[in-house]
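The values are calculated or read from the model by the stated rules, or taken from the named source; none is laboratory data. Note that the structure is predicted; figures quoted are calculated from it, not measured. Glycine gets a Cβ as well: all are built from the backbone with ideal geometry, and neighbour counts include every protein chain shown. SASA here: full protein model, heavy atoms, side chains in, ligands and nucleic acids out. Shrake-Rupley method; radii C 1.70, N 1.55, O 1.52, S 1.80 Å.
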Amino acid sequence: MIDINELRINPKQSVHSLENRGDNYDRAISDILKLDADRKKTISELDTLKATRNQVSKNIGVAKNQGQFKDTETKKLVTSMRTLGSRIAKLEKQLSTFEQSILDSRLSLPNFPSIHSPIGSDESENIVIKTHGTAPVFSFSPKHHWEIAAELDIIDFEQGAKIAGSKFFVLKGKGAALQRALITWMLDIHTTVNKYTEIIPPYLVKPTSLLGSGNLPKFGDNIYHDSEDDLWLIPTAEVPLTNLHRDDVLSENDLPLCYVAHTPCFRREKAAAGKETRGIKRVHQFDKVELYKFVVPETSEDELQQLLRNAESICLSLELPYRVVELCTSELSFPASRGYDLEIWAAGDQEWLEVSTCSNCTDFQARRSNIRFKRTANSKPEFLHTLNGSALAIPRVLIAIMENYQQPDGSIRIPDVLQPYTGFDRIG
RNA sequence: GGAGGGAUCGCAUAGUCUGGUCUAGUGCGCCCGCCUGCUAAGCGGGAGGGGUAACCCCCCACAUGGGUUCGAAUCCCAUUCCCUCCGCCA
């Protein structure tokens, strides 16, 4: 959620900044400002009336204690307070509708893009800032991962469809073991080398939690929802991780707080339903290792670079060719002010696969989730900054390993770093 | 799912029956200052949100949301969470 004070002070710049994302925000912001003015006016009127009521009620109490409750003077006061009371009730009702409308509008506004984010209107205006490694060269024509997986019997799409429907899959045998090894290895790297604290959060969350991370109210149609208990399946670990510290006031000494979580992620992907999506590139359920940080505002840009390096280190160790893409303003996720995609090369599909988006959400999620910190014990609480990034999304890493490490004999070599975790050095 | 008990300003508690000196008291911890060879103790101040750029001041806040009342921490209703017991269950 963006700072309403920013809207008040710089309404023009605010509109301009948000419009770099590609939509129109003129109307939304002027509506908010109008409601905000109404709200202030109502509050000040209400405060005056309440001050009167508090004072008079106190006097009535004193009079009553002195046995004067039946005085005509006191009775008059009570009567006049009754009308004042109904006036207050009416204004309070008005106030709460103003406040609700303001909140609703603000919850639908995305974060301001950082001044560092390149301005652009589609993904062609993203900037490739780094490419590492080279695409593997084969003496044969490399196969797609779904072909390899079928031949080696490590992924079963038909069983997935039978059990849960299309875009679900079953990992089998060494395929399942490979995923398990990847997850364990990634968690080990992040906890021991990069010093993140491992979390296993709930995979079902309350709507409040999704509101806090920015997934609700706007993106509810991509999330599975149990209406009986109003619980939602997480589309990413970012949701529960954001909410670890909802309503907390942390001390500056506690920061940065760095968390890593492996969770399954559930996405309806309704919008992408028609698209050609063979294999496990886009599925309804997948596993992911997610990094998340709570940091002091002025450090968040550095922390983003560090988080990006932590995610990159996974690609490096797996010896997969990858590139880093800085997202232009239109491609930033809703809560992000600046972000990078990490893409690894898939030799069979002949394309770059997005395996991570590392984002600095500045104080956007912190405002929604009311997560603050104090610089000293006496200073006022301030909103902190949050960052997140995958490191990494598992299925696409599996694709890259299958396709880039495929051998002439149809087998897959296991990347060196994973062999201690898998216990085998090839599949097939 | 059933029956009880509970939720108060960081923690621990008082207050709730009997609504009004509760602008929520006390103890401990924390922060700033004073004092002091140094610590401790002692003394003073501070520590939620809003109306303010900020102050004074005012308003709001006793789990949350409603209600009763001139007035609610206190009375009534609903909800949430926690604890104990029973039932069910991996």
Cβ-Cβ under 7 Å, sequence separation 6+ or interchain: first residue in region A:399-428 and at positive phi, partner assigned to a strand (DSSP E or B). Which pairs? A:Gly428/A:Ile412
If you go through region A:287-329, how many residues are touching a helix residue (DSSP H, G or I) at 6+ places or on another chain (Cβ under 8 Å), surrounded by 19 or more Cβ atoms within 10 Å (Cβ to Cβ) and among the hydroxyl-bearing types (Ser, Thr, Tyr)? 2
Pair list, Cβ under 9 Å, 6 or more apart: region A:209-234 residue assigned by TED's automatic domain parsing to the domain that holds A:Thr263 and among the hydroxyl-bearing types (Ser, Thr, Tyr), other residue assigned to a loop (DSSP other than H, G, I, E, B) and surrounded by fewer than 16 Cβ atoms within 10 Å (Cβ to Cβ): A:Ser209/A:Pro202
Before we move on, is A:Pro136 in contact with a strand residue (DSSP E or B) (Cβ under 9 Å, 6 or more places away or on another chain), not assigned by TED's automatic domain parsing to the domain that holds A:Ile344 and not basic (Lys, Arg)? no
What do you reckon, is A:Ala161 free of Cβ contacts under 8 Å to residues at least 24 places away in the same chain, under 17 Å from A:Lys281 (Cα atoms), assigned by TED's automatic domain parsing to the domain that holds A:Tyr224 and among the hydrophobic types (A, V, I, L, M, F, W, C)? yes
Out of the residues in region A:32-49 meeting the condition of being more than 8 Å from RNA strand B (Cβ to nearest atom) and basic (Lys, Arg), tell me which one is most open to solvent (accessible area, probe 1.4 Å). A:Lys41
Among (1) farther than 27 Å from A:Leu320 by Cα; (2) outside any loop (DSSP other than H, G, I, E, B), the one test that A:Asn215 misses: (2)
Could you please tell me which pairs satisfy a Cβ distance under 8 Å, a separation of 6+ or placement on different chains, a first residue in region A:34-62 that is of a type in the set (Ser, Thr, Tyr), and a second residue that is open to solvent by less than 70 Å² (accessible area, probe 1.4 Å)? A:Thr42/A:Leu91; A:Thr42/A:Leu95; A:Thr42/A:Phe98; A:Thr52/A:Leu84; A:Ser57/A:Met81
Going through A:Thr263, A:Thr242 one at a time, which residue ends up being touching a strand residue (DSSP E or B) at 6+ places or on another chain (Cβ under 9 Å), in the same structural domain as A:Ala150 (by TED's automatic domain parsing) and not in a helix (DSSP H, G or I)? A:Thr263
Scanning region A:1-19 residue by residue, those within 12 Å of RNA strand B (Cβ to nearest atom), modelled with pLDDT of 85 or more and of a type in the set (A, V, I, L, M) turn out to be A:Ile4, A:Leu7
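Residues are listed down the side, and each one gets a yes or a no for (1) surrounded by 17 or more Cβ atoms within 10 Å (Cβ to Cβ); (2) at pLDDT 95 or above; (3) in contact with a Leu (Cβ under 7 Å, 6 or more places away or on another chain):
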position	(1), (2), (3)
A:Glu158	no, no, no
A:Leu171	yes, yes, no
A:Ala177	yes, yes, no
A:Asp188	no, yes, no
A:Leu210	yes, no, yes
A:Ser213	yes, no, no
In region A:365-392, the residues that are among the hydrophobic types (A, V, I, L, M, F, W, C) and crowded, with 23+ Cβ neighbours inside 10 Å: A:Ala366, A:Ile371, A:Phe373, A:Leu384, A:Leu387, A:Ala391, A:Leu392
Among the candidates A:Asp363, A:Asp349, A:Asp287, A:Asp302, single out the residue that is of a type outside the set (A, V, I, L, M, F, W, C) and within 16 Å of RNA strand B (Cβ to nearest atom). A:Asp363
Here the residues within region A:1-31 that are out of contact with any Ser or Thr (no Cβ under 8 Å at 6 or more places or on another chain), surrounded by 12 or more Cβ atoms within 10 Å (Cβ to Cβ) and of a type outside the set (Ser, Thr, Tyr) are A:Met1, A:Asp3, A:Ile4, A:Arg8, A:Asn10, A:Gln13, A:Val15, A:His16, A:Leu18, A:Glu19, A:Asp26
Report yes if A:Leu109 is hydrophobic (A, V, I, L, M, F, W, C), open to solvent by 50 Å² or more (accessible area, probe 1.4 Å) and within 29 Å of A:Leu211 (Cα to Cα), otherwise no. no
Can you tell me which of (1) without any contact (Cβ under 8 Å) to a residue 12 or more places away in the chain; (2) crowded, with 19+ Cβ neighbours inside 10 Å is the one A:Glu351 doesn't meet? (2)
Within region A:65-85, the count of residues that are open to solvent by 70 Å² or more (accessible area, probe 1.4 Å) and either aromatic (Phe, Trp, Tyr) or modelled with pLDDT of 75 or more (or both) comes to 6
